[in-house]
Each structure stands twice: as structure tokens, then as C-alpha cells.
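A quick write-up on the structure given underneath.
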Number of protein chains: 2
Amino acid sequence: MTDHAERTLPKLNVNGQRLWQSLMDLAQIGATPAGGNCRVALTAADGQGRDLVVGWLKQAGLTVTVDQVGNIFGRRDGQENGRPPVMTGSHIDTQPTGGKFDGCFGVMAGLEVIRTLNEANIVTRAPLELAIWTNEEGARFLPIMMGSGVFTGRHTLEEALEARDSAGLRVRDELAAIGYAGTKPVGFPVDAYFEAHIEQGPILEAEDKVIGAVGGSLGMRWFQVVVTGMEMHAGPTPMSVRKDALLAASELVQSVIRIGRENGPHGRGTVGVLNVHPGSRNVVPGRVDFTVDLRHMETTVLDAMEERLHKVFGQIAREHGVAVEVMRVQDNPPTPFKAELVQLVRDSAARRGLAQMDIVTGAGHDAVYMAMKHPAAMIFVPCKDGVSHNEIEDARPEHLEAGCNVLLDAMIARAGIAA
Amino acid sequence: MTDHAERTLPKLNVNGQRLWQSLMDLAQIGATPAGGNCRVALTAADGQGRDLVVGWLKQAGLTVTVDQVGNIFGRRDGQENGRPPVMTGSHIDTQPTGGKFDGCFGVMAGLEVIRTLNEANIVTRAPLELAIWTNEEGARFLPIMMGSGVFTGRHTLEEALEARDSAGLRVRDELAAIGYAGTKPVGFPVDAYFEAHIEQGPILEAEDKVIGAVGGSLGMRWFQVVVTGMEMHAGPTPMSVRKDALLAASELVQSVIRIGRENGPHGRGTVGVLNVHPGSRNVVPGRVDFTVDLRHMETTVLDAMEERLHKVFGQIAREHGVAVEVMRVQDNPPTPFKAELVQLVRDSAARRGLAQMDIVTGAGHDAVYMAMKHPAAMIFVPCKDGVSHNEIEDARPEHLEAGCNVLLDAMIARAGIAA
């Protein structure tokens, strides 16, 4: 199918100006003074955003359905409607101080692909489907990536609908309040899922690339560490007899980062939380607890990183005469994307002469959940300074247009053109 | 005077058993289930403790007065009552979960000296005075070391009396409530001030010494440090482009401790508080703030330590591409004790064949304030595992007796024996 599609691929281009305008129009809803967006999941603003986009979907001739967790689907018939659809999508909910592109780009890019096909009167063989997933950000309701999580069976529908925000309001009720408590059962077969997204990292910009062909999602392991030394008065206690938990922890932190560095380019080692006890200016810390976040694209390397962590932590504990307890609290395996879909992304970028590179995603995306059940791939475009989840999040129109063209090509290549 | 006194020093010994019993009797008031004491300043328990001890002072024939900040003085006339007194003392208020010895030992040792002189019918040339200072611990009311602070002019009487606890209660009213709002003006000439105290550190125990001749109090400088890097997602951000504020801070922490170590044995370098921002498991820390506590016995060395701190911090900031701001927030100069009084302590320990060493105090004591205005010295005895400010605080009766004997000798040597 792929070979055939490539041979017959028409010379089509999306309308970059229209794509940009749609993004800017959507960004009017929940606009923040600092130029960002606040459309937190299942708030009135999210409802208004959904209404606006659903209107556009209908104008583009799509058949709109809403499932029981509030995921919105816009279907464009193909020639062979019994086949599972080629899907694209993302989310339009934002962080409380979010930007205009995270998620929205993927949805608007999918819509622009549909509009472009409509203008060119092209019918695909497989049907196409545009998905808007509920509550990707998890800023108000957990679990995060709720809609795609239920769609792919990572979470139950009941678990999602019963989730409550900090005010005690339930997803079930808030979905109804904004008119998106759908009736369609959650989940159906999907032939392929493509998601276009800003990178949310600095790599493409630093490497001067326009397209990132995302090979998969980094595996991630989280640890909780407790260092126990001895609490002592900072004045009367000579340096030589101290068992300073923070001094030991400072070496442990450095070793975590070293492990990330030694396993580049996909290795990550981060200590994001660190608490010092008792936390008094003139008391030598008796206890420190901190988190460790290790990531890599390959399970075998993650195993080696974890083994190294335990070994180095043991050495540091002995040298400092402190106790170091390490507990693994989370283990998300690496999620490779479907090779043949990633190749479609690379091929399109190559044909269009776009500067591209292979990349991985370190952040979570709906596509990562989709990849656990369906063939999936992602297309990254640069974002300014790698900044996301921030009102100053920014991306260049020509990069968004390029990413959208690659999405168009990949979807046509996968779905095929009707005879 | 000293030479004369030494020549005529009688062979006297305190009653160690009586000293121990007085400590245990006092410890009944505000006793905690874990074996400690809770007699927080100006509570009912502090009042009961004061009443008990004042009774003992009167039984010992002392003339008791109370000054306007609640300091209690017990005077024993000498042959030459126009001379300023040779004073000893400490405090009987405790931490909320304090021990039986911190402060109380100094007061009970002073009382035991008086009792011993009474039994031996010895009259000193200079009068003797036993002081019980108000609110040394500062657990309920600030400033800490309140009574001796006002006595020596470090704080005004008004400032002390207007201080409020967390419930809004004033020192002025709480002194009246327990019956210790005295009328005597605060402060009078003192010939010499000796204070016996448990070490509150591990040195004497580790060195197997019974007596520490305290040469003075370490100078202390406090700094507030802010490290600013760049907050980034732990997943999408490769190690090579990070500006991890915690990684830089880990090196800064190590350099503080190295500065303390390089200036042993009296050098101290401590980071007791460290906060990581934003403090999220999967976010590279963008900002870290922490405290620095540097101590040494000599101002010139403290100057050099501070200079080194700024230099090393600058280097680390440049290497990591982060900003490091350092602000000095406190500067307490070293307080040397009076050499001739320290020598009296050494001489007594030597004559009695007690294992002794020179030591400094890193913790604050009433004697440190006294030393800023009057000749002063301290006598340290070991405490178990160097643990203080804790219900498990412990000391050995024979060590307390030895310290009390040294106090006796030093006071007699200073005051002289009546002809």
C-alpha cells in the first residue's frame, strides 16, 4: 500500500496561512494577558474551544462523534470505509499558563490536512479520522493523558469519569456541564496514528532542523532516595566527626547527572525534588530525601543505568558513613514508534527538501499511549528556545506549515488515494 | 590576687552526689516521658523551677534579687563587699524537648560551690554571685539569650519585655504571671563570670577528656545564596544543554564544607537549609536557594574563608553557566574569653589531675554575651554522644562533679580567701 501511495502522491501543499489563522483564532478563547492560553480541561473555556473546533470540523464536512470520555472524532469517509481509519490528532486543553501551540498545533494541522484534501477533491482509500483527546495535560484532573489513556485501555472509563479536581468536581459531571458527555463507546480499531507537535525541547532549534522524525518515547524510571546521616549542631561539631546527609546527597546528585551524561544522546538523569531535614541554618542535615528520574530509549541501557546508580550510591554511602535507601517508584518502558510510519515521515521531509533529523520524545504525548496499541508516529517541529508549558511558548509559521505538509504526505501515503 | 589565692587554696571538694540529686530534683519539674525536660521560658513550669531553685538559694544563705528582665541573682557576701562579685551561673529554661543538663548544670554547679563553701565556713574576699538568666534558649521568645543579652546591653530592656510568643503573649506579662517581674535595674559590675556547661558537642568524649578549658566562642557569618539556572523539562532536554541549578548547587555545597575542613580544627562550614524550585520530579531545577554558616575562632581566618567562598562560588557559576548571588545576613565576631580566667580553669584541672584540653564553643551561651562586657570563661564537661537539645541528653555524674570542682577552684582563686 505504501509503495503504491508514494507512486501516485499528488503535488499538494497545505495552506500555511490558514493553519496559522486557525491557531490564532482558537487562541482567542482563554487568551491570557501574557500572550498564552488558559483552557484547562473541562472548564467553560475548554467547552468554548471544543465548540469552535467542532464547528470547523463540521464545516469541513467531517462526521463528528463524541465518546464517553469526551474524546471528539471527526471522520472523513474514504473509498473503503470498512477499513480502520488513518488517524491524526492531539489535544486542545492547556496548562493554566500554557501556550498557543502545545496540542493545538496537532489538531489544527489535522484539520488543515482535511481542508487541503477537500479543496483538491481527493478521496483516500482508507477513511481519515481527526481526534481531539480529552484532558491530555492533567493540570486539573489526573490521570494525565486521560482520553487517549482510556481509548487504549491504560485506564478504565470509570476511573476517568470518577476523577475529581481539587474542588471535588468530577470529570463525569464536568463533561456533562460543557456538553461533551458523549455516548460512543471508547476505543475502536485504528490503522495508523500520526501526531504533529511542537518539540517542547531545544534540540531541533539547536541543530537548525525543521522536522524531527520521532522514533519513539524514552523509557523512564523514577526513584525515591533517602539519605540518613546524623543531625548535629553546626557550631560545636567539628568537620571531622560529621555525618552530613547533604554533603553525601550532593555527591549522589552529581552521580545521577553523570549517569545521564554517560549515556548520551538519549540518556537523561535528573534530580528535581530534594528536601533537607531538619532544615535549620545552624544544624548539620541529618536526613535528605530526593527524587531520581532516569530515561533512555533502550531498556537494556536503562537497566545498566539503574545498576550503575545502585553501585555508585553504595560507594558514596560507604565513603560518607551514611545510609542510602533507594526505592523504584515508577517504571515506564521505552515506547518505540512504528518503523514504517516513522519512515513515511522521513520520506516526506526528504522529498520536500526539509532539514530533518531523527529524534525521540522525552515528554508524554497521546501518541505514546496510542503506540502501545496501534501503529503510531509523531512529527516534531521546533519551538522557540525549547520552551513549552509557558505563556511565552512560540513557534514559527513556516515550521508549522512544514510539519503540516509532512503530516499530509504521511497520511495520504498510508491511506492511499482512491482509484 | 590570683597568685596569692593559689598559694592559699584549701583542699576542698564539692559533693558530687548532692549536685547530681539537685539536678534530678529540678528535672522533676516539666519532666517528659522520654526522660527529658520541658520548662520553656516563662511558662508555669519555668516558674515552678525558679521557685524550687530560689528556695535552695535562700536555704544556702544567699540574698536573692530579681531584676527587671527576670534574671535571678543569689549573693554571698565576701570580706570586701564593695568589690564587684565573682559570678557564676547559667539558665534553667529548656527547649520544648530538652534535656536535664543544658543550663541546669551551670546553675546547680554554682549552688554546689556555695554549699561547699558554707560547709567549710570559708569566706571569700570578693563577694560571690549566682545568676540564673532569663530565656537563654529562645524557644518561645526571641531574642535568644535574652536575660544576659539585656544585662550586657546587647538588647534593650524594652525590646525584651515587649517580645511576644506565637500566641501573642508578652514577656512583660508572662514574667508577672510567674512572679518574676523584678524591680532591680538590669546590669551591674562583675569582676569575673564563670559558666560550667555540658559541651553540646562530641569533642571531649571523642578525645577522652573530662574538662574543656573554653578559650572563646567561634565567630559566625551567615549567608543566603540563590543559584539561578534554567527550568527545563527533564524528558525532552538533553543533558548537554541544561543549566541545572541543583547540579551547580551541589558543587557549591561541597565547596562550603571544604572551606570549613581546610580551616580546621576550629573552621566550620555548614549548609543547613536548601530549597529546590520548582521542585517537581520531572523538571530540571531552575533555581536553588540555600544558607551558608561559616565559623572560626579568628576574624582574619573568617575573612579569608569568606573571600575564598566568593572566589570559588564565582568559578562554579562560570563553569555551570548559572548565576550565583551571595548575601551576608549575619556577622557575629569571635568572642575570646579572658585569658587569665581560662588559665585558672586549666590550672585547677591540672592540679586535680583531670584529663583536659583547650576547646572553643560553637554554640551560643550566656557566657558569650558576658564576655563582651566582663571578664568571662567557661568550663565544659562531656555529654553523651555530643547530643544536646534532646530528651536523651545525658552526662556522667563524675564528669559533672569534676567540672564543679574546677568551678569551685576557679572562683576561689579569683575571689580570694578572706584573711
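The values are calculated or read from the model by the stated rules, or taken from the named source; none is laboratory data. What you see is a predicted model; the values in this text were computed from it and never measured. Virtual Cβ from ideal backbone geometry, glycine too; neighbours counted across all protein chains shown.
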Set A:E158, A:E129: member being more than 22 Å from the chain's Cα centre (by Cα), at pLDDT 95 or above and not β-branched (V, I, T): A:E158
Which of the residues belonging to region B:206-222 are touching a helix residue (DSSP H, G or I) at 6+ places or on another chain (Cβ under 9 Å), more than 10 Å from chain A (Cβ to nearest Cβ) and not basic (K, R)? B:V210, B:I211, B:G212, B:A213, B:V214, B:G215, B:G216, B:G219
Please pick out the residue among A:R75, A:R83, A:R115 that is over 21 Å from A:A176 (Cα atoms), of a type in the set (D, E, K, R) and part of a loop (DSSP other than H, G, I, E, B). A:R83
Of the conditions (1) of a type in the set (D, E, K, R); (2) within 27 Å of B:V284 (Cα to Cα); (3) surrounded by fewer than 17 Cβ atoms within 10 Å (Cβ to Cβ); (4) away from chain B (no Cβ under 14 Å), the single one that A:R351 does not satisfy is (2)
Looking only at region A:258-272, and only at residues there that are modelled with pLDDT of 95 or more and in a loop (DSSP other than H, G, I, E, B), the one that is surrounded by the most Cβ atoms within 10 Å (Cβ to Cβ): A:V271
Out of region B:228-257, which residues are in contact with a Leu (Cβ under 8 Å, 6 or more places away or on another chain), within 7 Å of another protein chain (Cβ to nearest Cβ) and assigned to a helix (DSSP H, G or I)? B:L246, B:V253, B:Q254, B:I257
Pick from A:R328, A:R295: which is at the interface with another protein chain (Cβ under 10 Å from one of its Cβ atoms), in a strand (DSSP E or B), over 30 Å from B:L218 (Cβ atoms) and basic (K, R)? A:R295
Scan region B:188-211 and report the pairs whose first residue is in a loop (DSSP other than H, G, I, E, B) and whose second residue is surrounded by fewer than 18 Cβ atoms within 10 Å (Cβ to Cβ), with Cβ atoms within less than 6 Å and a gap of 6+ or a chain change. B:P189/B:P84; B:V190/B:P84; B:D191/B:P84; B:P202/A:V241; B:K209/B:A355; B:K209/B:M357; B:V210/B:L354; B:V210/B:A355
Residues located in region B:148-170, provided they are of a type in the set (S, T, Y) and more than 15 Å from B:G138 (Cβ to Cβ): B:T152, B:T156
So, of the residues in region B:157-187 that are of a type in the set (V, I, T) and in a loop (DSSP other than H, G, I, E, B), which turns out to be farthest from B:A371 (Cα to Cα)? B:I178
Looking at region B:216-227, is at least one residue surrounded by fewer than 20 Cβ atoms within 10 Å (Cβ to Cβ) and outside any strand (DSSP E or B)? no
Condition check: surrounded by fewer than 20 Cβ atoms within 10 Å (Cβ to Cβ), out of contact with any strand residue (DSSP E or B) (no Cβ under 8 Å at 6 or more places or on another chain) and modelled with pLDDT under 95. Does A:T32 satisfy that? yes
Which residue is farthest from B:N282 (Cα to Cα), if the candidates are limited to region A:138-147 and must be surrounded by fewer than 23 Cβ atoms within 10 Å (Cβ to Cβ) and of a type outside the set (G, A, S)? A:R140
May I ask you to list the residues in region A:369-396 that are surrounded by 24 or more Cβ atoms within 10 Å (Cβ to Cβ) and either modelled with pLDDT under 95 or within 14 Å of another protein chain (Cβ to nearest Cβ) (or both)? A:M378, A:F380, A:V381, A:P382, A:C383, A:S388, A:E393
